Every structure is written in C-alpha cells, then in structure tokens.
Amino acid sequence: MSDANRVLIFDTTLRDGEQSPGATMSHAEKLEIASLLDEMGVDIIEAGFPIASEGDFNAVSEIAKAAQNATICGLARANTKDIDRCWEAVKHAKSPRIHTFIGTSPLHRQIPNLTQDEMADRIHETVTHARNLCDNVQWSPMDATRTEFDYLCRVIEIAIKAGATTINIPDTVGYTAPRESAELIRRLIAEVPGGEDVVFATHCHNDLGMATANSLAAVEAGARQIECTINGLGERAGNTALEEVVMAVKTRHDIMPFTTGIDTTKIMHISRRVATVSGFAVQPNKAIVGKNAFAHESGIHQDGMLKNPENFEIMRPEDVGLSATNLVMGKHSGRAALRSKLAELGYEMGDNQLKDIFVRFKELADRKKEVFDDDLVALMREASADPAAEYLKVKFLRVICGTEAPQSADITLTVDGVDQQATAQGDGPVDATFNAVKALYPHNARLQLYQVHAVTEGTDAQATVTVRMEEDGVLATGESADTDTVVASAKAYVTALNRLRVRKEKLGGKDTREVSYKDAG
Ligand code: KIV
Ligand code: ZN
C-alpha cells in the first residue's frame, strides 16, 4: 500500500465537539480524552481554542506537553492576538500545529464586514504570521462549501503562498452532498496553483446526515485528512464520526483502498468515555458504537448468526474493542478474572485501584445475579468520578412512592464533610429527592436534562442516570449507575451540582468561554 493512500485522522472532539452546548468537559477529562486519542493513533488532535478562555488555554498547553505521538493543534481566528495565544499553548508539543480560519462565504464575509480584497489581505497577513511562528499551519475557509468557487480558489492560493501546509475545506453547516463534496476537492486540487503540494482536509457537519459520506467522497477525490469527532459529537447534528470513517475504510478496503493509523480496538472504550464526560449518550442504533450495532451484543441470537457470524456481521465486534465473549461475571468471580475482564474492556489498572474496584464489584454482584460488560463499564465510570469534587455526597436515601400522593424523600447528604438530613415531597420520587437535595443545598441551577438508560436487560438491571444542570451559562453534567433508579438519580444530581460548583469557582462566575470561534476575528 503506497503512502499516497494514507489518510490522516484529525480529531476535533476537544474543540468542535466540546463547543457543542452542554458538552463542556472538565480539565482532567480533556486530558484523559487527549491521552486516549493519542494512544489510539489519531494523527492530529485539535485540543481546543486557546484564546477562548484560561481553561481552554491551559488544557491545550498541558495536552501539548503530554502528547507522545500526535500532532497537537489549536484553533485561532484570523488575527495576530489569537494566533500568538494559540502558539503559546501548542508550542510545547513535540509536533505543534496552528489552525487559523476565517469565514469566506458571502454570508460569513459580512461578520467582520470585509470586502473580498480586504479579506484576501487579512488571510495573507495572518497565515504569514502563523507560519513565522510554526512550520505546521492549517488554514480553513469557513463555510467553504457555500463560498463562490473562484473566490475560494483565490484565497486558498493566497494561504498556500503564505505558508499553509494543510488546507481544510469545512462544510460548516452540513450543506453539501457526496458528489458535490468530491467534485469540490477534485477541482481545488487540480485548479489552485500549489494545490498538489499541500494536504487537503475535509471537515463535515452532519445536518443532513451525510457527514460520513461527504468525508469519504472527499477522500476518494484526493483529500488526505479527515476531520472528525468521537461519537460524532458536535454542535447541532454533530461532526463526522471518527469511528464511522475509520471503520468504513477498514471494512470496505476493496472499494476504498485507504489506510489510517487508528488502532480500531480502542474505539469502544473512548466512545464510552466521551459519552460519559460529555453527557451526550450514544443512541442505541448508532453505527459502530451504538449498543445495538452488533446485534448479538444486545442478546438477539439469530439462528443464522450462530451458524456463521458473517451472515449478519460485516465487522467483528473485537475489531472495535467489544469483547467477543461477554463473559458473565458474578459474586464468585475472583480478582484475577475481574482484572482480565477489565483489561479486555480497555481498563488497565494497578493493584490498589483493582482492590477498590473489586470491593465495588462485589457489592454490585451481591445485588445483581449476573454482572455484564456494560455493568462493569458503568462501575468504572462511578469509580473514576473526581473525589476532589465531592463537596456533596449522598449518604442515605429512602423514598415513599406509589399510587397514593404525595411521594416523599428522606435524604442524608454529607455537605462539606458534615452530615445533614432533610425530607421533601415532590411529583414522584425523583422530584421529591431533588427537592430534598435543594433543601440542604439551596441553588438556582436549572435542570436541563434528565435521562435514564437501563445498562443491561432484566428487572435487576442497573440504571444509568444522566443529569445536566445550568446556572448563569455554566453547564455541568453528572452521571451515576445503580440498580435503584432513584439512588442513581440522586447521585447523578449531586455529581452535577458538585461539578457546577467547581466550574463556577474556577471561572469566578464567568461563562466557560469569553469568546466563541463564531465571533468576528
Ligand atoms: O465547521 C467549521 O467551519 C469549523 C471551522 C472552525 C474549521 O469548525
Ligand atoms: Zn466544524
């Protein structure tokens, strides 16, 4: 296989993904996701938008220092202040990249109110400035797919001459379609002077459900970098999903003879982590990473499948990191079995950590006859909660519910180390529980999302509850799993409040971002 067919994977989960409302991740979570991306073989990690806030700057610079393999990229609008700040953050990386952009379509040109000529000058100045700082410069004409073709060629030529090494073609509003996506890339490579000397990238959004198809069509036409996010996380309908494009070229190598550097067996683990830390659950029928994507995972044993998995499977579950066996664990399972099962699920751990997990596992196995892979994943999520953020902790909960109103909750919370008790009524046991928490920890946060998912099948299944809270523009998500849905709800609610408290403290009451990449540069 020639190198000419190697497609670079540029992951923007931590920038375009994280900028989707409600998906805000904590500093520690961003570092963890970046390290998983680095380990799985992502070529370029867009770690954030350094000028946006102190938090973004610190995350990008720490990710840059920690990355072992990937190029670390930061986003900057078309002005020297943004570009300098971006460089300050990424310069620590073994391989840094500055990504600068400006909206070039007629509509986007109105935002900074520049004429075509003025914008062309701005592109020349800013790309030159970026290239003077860094050898690796990516330039994007935002809303490229709605930009006049001649003007697009003109500004790309300017960016290449000013030193851009990668030209990204964003379909910012998810407007294009596969044939058009391919045609645009083909013509740009052929018609822009210097086009053959740079890497063309494709950056698609999924508003019409065509992001994966548009990205692959662009690659067939000559693009050699795909910009994408884990689980397709992103604003509105999201971005191109990394797992979809990577598995598409792997599975249909016969008609798409391209390669990526991704270790696909790491896909499931990172997908689950991104779902947890972003609070954006993966829909069950989502391609590749949905709970039902591999039918036998959800317990549907079809006769044909049993005779020959290839009857229904085009990919093997192991290839995306799902264990082939789904070996059921129970209360008689020992520590060694737990260790090997967790390793299979992507969790390597030292003896002390295993000791703690084993205690939690035994508690769960006492309440549940069979502990499935998904139960263990939920348990690991619980265990990875940041203890430093445990200002509030659920110690005791009893609810009265049923057909006769009023439903009530009696709760004991540890608030900053001190146990406090309250009883409250509500419209159902969950509402009563949240009211009781509010009585002990008065707050003005608004409940934005309350979601319950059964982790596995059966009436003893664990429920995973996700709660998203918002106060003064700051968002925080909490998640918890328990065989008791109300307990899981109380814990998720309290986790969200803890995180909100930490975030608000860090920001001194300010919003998570002082500027957005949509502000005129
Ligand atoms: O969608 C988009 O246009 C972007 C750019 C900033 C590259 O995310
Ligand atoms: Zn985008």
Find out how many positive minus negative residues lie around Glu479, taking Lys and Arg as positive, Asp and Glu as negative, among other residues whose Cβ is under 10 Å from that of Glu479. +2
Taking +1 at the Cβ of each Lys and Arg and -1 at the Cβ of each Asp and Glu, which of Val249, Leu447, Thr166 sits farthest along the dipole of the chain towards its positive end, judged by Cα position relative to the Cα centre? Leu447
Test of understanding: what is the full-extension gain from Asn69 to Ile314, defined as 0.36 nm times their sequence separation minus their Cα-Cα distance? 85.1 nm
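Where the accessible area of the chain is counted over protein heavy atoms with a 1.4 Å probe, how much of it, in %, is carbon and sulfur? Don't skip to the answer; put the middle values down first.
Values: 11110 of 22170 Å².
Taking all protein chains in place, the chain shows 50 percent carbon and sulfur surface.
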What is the Cα centroid distance between the stretch 96-134 and the stretch 13-74, reported in whole angstrom? 23
Please work out the FRET efficiency for the pair Lys331 and Ser384, using the Cβ-Cβ distance as r and a Förster radius of 22 Å; give the result to the nearest 0.05. 0.45
In the neighbourhood of Asp197 defined by beta carbon distances under 13 Å, the net charge of the other residues (Lys, Arg +1; Asp, Glu -1) is 0
Given Cα pairs under 8 Å that are at least 6 residues apart, what percent is the relative contact order of the chain? 11
What does DSSP give for the chain in terms of the percent of beta bridges that are antiparallel, rounded to the nearest 5? 50
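Once the Cβ-Cβ distance between Arg187 and Asn5 is put in as r, and R0 is 25 Å, what FRET efficiency do you end up with, to the nearest 0.05? Working shown, then result.
Details: r = 21 Å, r/R0 = 0.83.
It comes out at approximately 0.75.
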Which of Thr13, Pro50, Ala66 sits farthest toward the positive end of the charge dipole of the stretch 1-136, with +1 on the Cβ of Lys and Arg and -1 on the Cβ of Asp and Glu? Pro50
Looks like the stretch 78-226, by Cα gyration tensor root eigenvalues a ≥ b ≥ c and the a/c under 1.5 rounded cutoff (else prolate when a/b is bigger than b/c, oblate otherwise), is prolate
Hydropathy first: keep DSSP H helices in the chain averaging at least -0.5 on Kyte-Doolittle, then drop any whose Cα extent along the axis falls short of 30 Å, and list what survives. 485-507
In vacuum, with every alpha carbon of the chain counted as one equal point scatterer, what does the Debye formula give for log10 I(q)/I(0) at q = 0.12 Å⁻¹? Two decimals, please. -1.13
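Using 0.36 nm times the number of residues separating Gln451 and Val418, minus their current alpha carbon distance, what extension gain do you get?
Working it through step by step, the gained length comes to 8.9 nm.
I'd like to check one number: the per residue accessible area of the chain, probe 1.4 Å, reported in Å² as a whole number.
Working: 22170 Å² over 521 residues.
Value returned for the chain: 43 Å² of accessible area per residue.
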Packing-ranked peptide list from 258-267, 198-207, 397-406, 352-361, highest mean Cβ count within 10 angstrom first, is 198-207, 258-267, 352-361, 397-406
Where the only charges are on Cβ atoms (+1 Lys, Arg; -1 Asp, Glu), what is the dipole of the stretch 387-506 about its Cα centre, to the nearest 20 debye? 460
With +1 on each Lys and Arg Cβ and -1 on each Asp and Glu Cβ, how big is the dipole of the stretch 327-371 about its Cα centre, in debye rounded to the nearest 20? 220
Would you work out if the stretch 327-371 is rounded, prolate or oblate? Take a ≥ b ≥ c from the square roots of the eigenvalues of the alpha-carbon gyration tensor; rounded if a/c is under 1.5, else prolate when a/b is larger than b/c, oblate otherwise. oblate
Selection from Phe358, His205, Ser26 lying farthest towards where the dipole of the chain points positive, charges on Cβ: Phe358
In a shell of Cβ-Cβ distance under 10 Å around Ser105, excluding Ser105 itself, what net charge do Lys and Arg (+1) and Asp and Glu (-1) give? 0
In terms of Cα to Cα distance under 19 Å, which lysines are near enough to Lys369, apart from those fewer than 8 places away along the same chain? Lys331, Lys341
Can you give the charge dipole size of the chain about its Cα centre, rounded to the nearest 20 debye, using +1 on the beta carbon of Lys and Arg and -1 on the beta carbon of Asp and Glu? 680
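The values are calculated or read from the model by the stated rules, or taken from the named source; none is laboratory data. Values in this document were obtained by computation on a predicted structure and should not be read as measured data. Ideal geometry is used to build each Cβ from the backbone, glycine not excepted, and the neighbour counts take in all protein chains shown. For accessibility, only protein heavy atoms count, side chains too; no ligands or nucleic acids. Shrake-Rupley method; radii C 1.70, N 1.55, O 1.52, S 1.80 Å.
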